[in-house]
Each structure stands twice: as structure tokens, then as C-alpha cells.
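Where a number appears in this text, it was derived from the coordinates with a stated rule and is not lab data. The shown structure was predicted, so the numbers you read here are calculated from the model rather than taken from an experiment. A quick note on method: Cβ atoms are made from the backbone with ideal geometry, for glycine too, and the neighbour counts reach across all protein chains shown.
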Amino acid sequence: MKKMKRDTAALAKQKYDLIIIGGGIFGICAAWDATLRGLSVVLIEKEDFAHGTSANHFKMVHGGIRYLQHGDIVRVRESCRERSALMRIAPHLVKPLPIVMPTYGHGMKGKEILSMGMLLYDLLTLDRNAKLPAENKIPFGKCLSKSKIIELFPDIKSKGLTGGALFYDGQIQNPPRLAMSFLRSAVKEGAAAANYLEVTDLLRENNQVTGVKVKDKLASVDFIIQGKVVLNAAGPWAHHLLKSTLNLKLTPTPIFSRDLAFVIPRRITGKFALACTTSSSDVDVFFDRGGRHLFIVPWRNYTLVGVWHKIFDEKPENIKVTSEELQDFVDEINIAYPGAKINRSEISMVNTGLTLFGEDEQQGSKTMSFGKRSYLFDHSKEDQLDGLITLIGVRATTARGMAEKAIDMVLIKLGVKKIRSKSAQIPIYGGKNFKNLLQTTQHQGQLSMLPNVVQNALFYNYGSEYINVLKYASNAPALLKNFINSTVLKAEIIHAIREEMAEKLADVVFRRTDFGTGAIPASSVIDECGTIMANEKGWDELQLKAEIDDVKAKFLQYLDSA
């Protein structure tokens, strides 16, 4: 597998078919799709890849069943198609998730209505398991009796309980690794990529965008990258970039929500996720079942709880969470499901990021309008400025599909005959022959020396490319050791630096390994990780201390308020 090298000098020497601004999941998927169709591509990111919402969402891959309430069949089909695509091309990182939704009474909240909805969904998505491995197939939904619900969730509110429904969605093992797998696949196909390059200007000649001016935040130098088309996929920064560089305004102006979930270091609901009804509602539903849902979700050995939404109209860098908010969220989930018994001090991680929301005037304390579809703007139509496209995605589930649509638009602008996208079929980094990997390699060679829990983490984070990690321990047996109270191998640190463009300690901790996924690692572990990286990168003591302090501060960014 081709290594990711940060060669900024080379970026200034070539004129690319496509420059992608933004290294989140939407921009990365666009790079993957474009390279598969033969375009020369460079992707640039002002921080690290997947550093924002792409690393900090709820880890669910939505199959679209909830959009039946909106009567939005197109979105049902789109979401189901994209969930299937992710399970097909990334079987090591995306798995089925069983979800139970209790029912009360016999009206809109009852089992009868919900069972009809599940039947309709199953009929609309009969093709959802096409070419999926057996372990990733999505079963039909089914109804559960009242006694079964109480058996699964003994502390559930029983007054009016009539039973429930079991259906399946998808769950991501590690969102930053999913983004990295897409990016590594794009680089293998010829894409160039660089983190810590900030776009300071969009260049134009007459009514044509011709490239970007960037600042290398690591070397403090400016240079120009030329391109025939620029795709602005900077997420919640996208409209700010347009305003600051070209004085353009998106119409309608994107509204963003600060979505928030938190992690509890214990299992609350066994192997099933539990949907809990709350007092707030979605104003856009045609069929109101009595309030939106919070979810208590098993993930690895943890529980994810969320998602809470709040309109956010500041710069993305200013995102924050208060202790009062966290306490309110804990109180709300404990009321919705008393069996959770969550204490605020238990929270081991807070995940928060910005996602597209609905219309501003429809938001209230008890009513919300959720984002419907991604924004895809052709600025030649909106602003009479050619060579520029803006993509702002709604949910990670649809990133690949929206990237495909964006690249269709790019091909038209380049005057290239349309080439059919294959990104829904070709396995990404680690996804090839994954089933065979699990069946045949667990007790071979170096793997036999590792605890099962470490083996599993290696397999599910790197898939069939796990050998690229272990090779660094071939001549350095100490690198085959895992860090204390962690599944992370010391070889993963070297791998992240040499093959995945980890430039800062935070890149390794939060976006290349499992250190920053569920709970704060021991201070000594962060120190040891930093020392390994310092030896590899040639840092002096001052820089090493700064890197370690930065990581520890980031871990406490939201937990200080908890």
C-alpha cells in the first residue's frame, strides 16, 4: 500500500484537474471517487484529516427508516443505499447495530403503527443486502412482546408499555479510521494530500476560479496550487471561506447544529441499542409518534448516549459545551430511561461537532427542524463564477453518495465524458478479503503473540492491511507490545507517522489510533506515545512537552465541564 507523504513542494509544480478543500469525510470521499474516475486530485486540509465532526459524530450509519415519518421515500432509499455501500466496501469498520424501540398504547406510539412502518421499510429496501458479506446483512425488522422488552430492559417504564420493535442500522467501529481508509485508498490511486495547509485565497481570472493560495501552517510559507476545478468541501467552514476570499454568500445561508453525544465506560443496555422518547419533537414529520428519540447505544465496551442538538451560529472554532448542559443531558436521559443511572462524573468522552440543520425560524426549545439534504452548489449558476463547486454534507452516511454527485458535476465542468463511479463497489483500505482474514490469520506469526482483544482491535481498525502495522515490529520486538490498559500497539505510532502523515501527537492519539476514542488514557501512556513520536520526528524537549500538553488539554476540553 502506498504511503502518504506530505510533499508540499510537489503541489506547487502541477496543475490538477481538481483541488479539494477540506479533509473531512465528504472531501475525502470526493478524492476517492475522483481518482477512481481518472482525475488528477489534490486534497488539502487546514488542520488534520477528519479533525472535526468527521471524528466526533455518533458513529451510526443511518439506513433511512426514520425518514418514513417525513414521507421522504427518496431519502429512505438514498440512506439505505449508502449504508449498504459502506458495509460492502468497509466491512472491517461498519457493522449492523440492533436497535429496540419500545411502544406505548395503540395509537401513533403503538406497536401496530410501528410494525406497519417496518414492513413498508423492508419492502422499500428489499435490495439492501445485495453483495454484502453474511455478517453484514441487515435482517428484517420484527415486533417484540411486552415481556420481551421488560426482559431486555428491566428498568424501562412499564405503564402503557405494549411491546416494541427490533430493527437494524449500522455502526462505525472508528470514524477517523474510516476517513483514513478512504484517504489511503485515494492516495493509492494517485491522489495527493496534505494536512495543515490553510487556504487563504481562492484565485480567479475573470469569471473562472483557477486555484488556491495556501499557507503551510507547519513551515509558515505561502504558495499557490493551480487547478481546473475547485471543490469547497470545508464543512461548517465552507461558507466562511467563500465570504472571506470571494465575498460570496450561499443562499439560503446554511444553518448548523452543534450535535453532542457522550461516552460512558460501561455497557448499559447489553448488545441492543435502546431508543428513548423525549419531550422535544421534529416539526417536519408527517406522522408524529410523540417526540424525537435519544439513543443508548452499545459500542465496543462502552455506551454512547445522544444525540442532543443546538443551533450554533458562531465560528466553528468556538464550539463549546457547558457543565450545566451536560447535567441537563444526563438528567434527560435518566428520566427517559431510569435504568441508565448515569452520573455526570462517569462521562469519559464528549463527542461534538457541527452538522447542517433545518430552517432557523422553526427551531424552539421543544420543536426542531432537522437537516434534510446536503448542499451542492454550482457557482457558475448561482454566482456566474465557473470552476467552483461547494459541497456541505448532512450526515457521514451519505458522504460517498454526495461525493459521487459532486464528481459528476466536476466531470461536466472539465468537459470529460461521464465515467461511471465505482466507489460503491470497490473495497477501501483494509476492506478486501476481510472475512477470510478473520477466519485464517488469528493464530499466525506475530499475531499469536498478541492478546485476543489487541488482535481484534488491529483487525477492525486496519482490516486486511494490518500487516502494514506489524511489519514495524519485525526488527523491533518492543513495538509489538501494547500500551498499558490499551489495545494500541507501539508499532501503530511508527505506522501513523511513516505511512499516514501524522504530523502532531494529537493526530496519532485522536485520529490514527484508538487512544482518543472512548476514554482518556493514562498520563504515562500519553507521555510514552509522545516520546516514541519525538524520537521518530526529531523533536526537542520543548516541542515534546508542547505536544503532550496539547493532547492532554484536548482531552479535557469538554470533560473539564463534566
> Which of the peptides 142-151, 185-194 is most tightly packed, and how do the rest follow, judged by the mean count of other Cβ atoms within 10 Å per residue?
Replying inline: 185-194, 142-151
>> Across the chain, what fraction of all alpha-carbon pairs, as a whole percent, falls in each successive 20 Å bin from zero upward?
In response: 21, 56, 23, 1
>> Run the numbers for Thr531 and Asp127: contour at 0.36 nm per residue of separation, minus the present Cα-Cα distance, in nm.
In response: 140.4 nm
>> Checking understanding here: applying a Kyte-Doolittle mean of at least -0.5 and a length along the axis of at least 27 Å (C-alpha), which whole DSSP H helices in the chain pass?
In response: 541-559
> Long-range amide H contacts for Gly430: which residues qualify at under 5 Å (H placed 1.01 Å from N, peptide plane, sequence gap of 5 or more or a different chain)?
Replying inline: Ser464, Glu465
> What is the ratio of the Cα radius of gyration of the range 434-559 to 2.2 N^0.38 Å, where N is its residue count, to two decimals?
Replying inline: 1.06
> Which order, highest average first, do 520-530, 58-68, 200-210 follow once you tally other Cβ atoms within 10 Å for each residue and take the mean per peptide?
Replying inline: 58-68, 520-530, 200-210
> Among all the lysines, which ones have a C-alpha under 19 Å from Lys146's C-alpha, if same-chain residues fewer than 8 places away are not counted?
Replying inline: Lys109, Lys111, Lys157, Lys159, Lys271
> Near the amide H of Gly211, under 5 Å away, which other amide H atoms are found, from residues 5 or more places off or on another chain, if H is placed in the peptide plane?
Replying inline: Leu203, Gly227
>> I'd like to compare 474-487, 85-98: which one has the highest average count of other Cβ atoms within 10 Å, and what's the full order after that?
In response: 85-98, 474-487
> What nm value, rounded to one decimal, do you get for the distance between Lys5 and His106 when each label is placed 7 Å out toward the C-beta?
Replying inline: 7.2 nm
> To the nearest 0.05, how large is the calculated FRET efficiency for Thr278 and Ile520 if R₀ is 22 Å and r is the Cβ-Cβ distance?
Replying inline: 0.15
>> Assuming 0.36 nm per residue, please report the length gained on full extension of the stretch Asn207 to Asp378 beyond their Cα-Cα distance.
In response: 60.2 nm
> What nm distance separates the two modelled labels at Gln14 and Lys142, each placed 7 Å from Cα along Cα→Cβ?
Replying inline: 5.3 nm
> In the structure displayed, which of Lys59/Lys320; Lys320/Lys381; Lys213/Lys432; Lys13/Lys422 lie more than 27 Å apart, Cα to Cα?
Replying inline: Lys320/Lys381; Lys213/Lys432; Lys13/Lys422
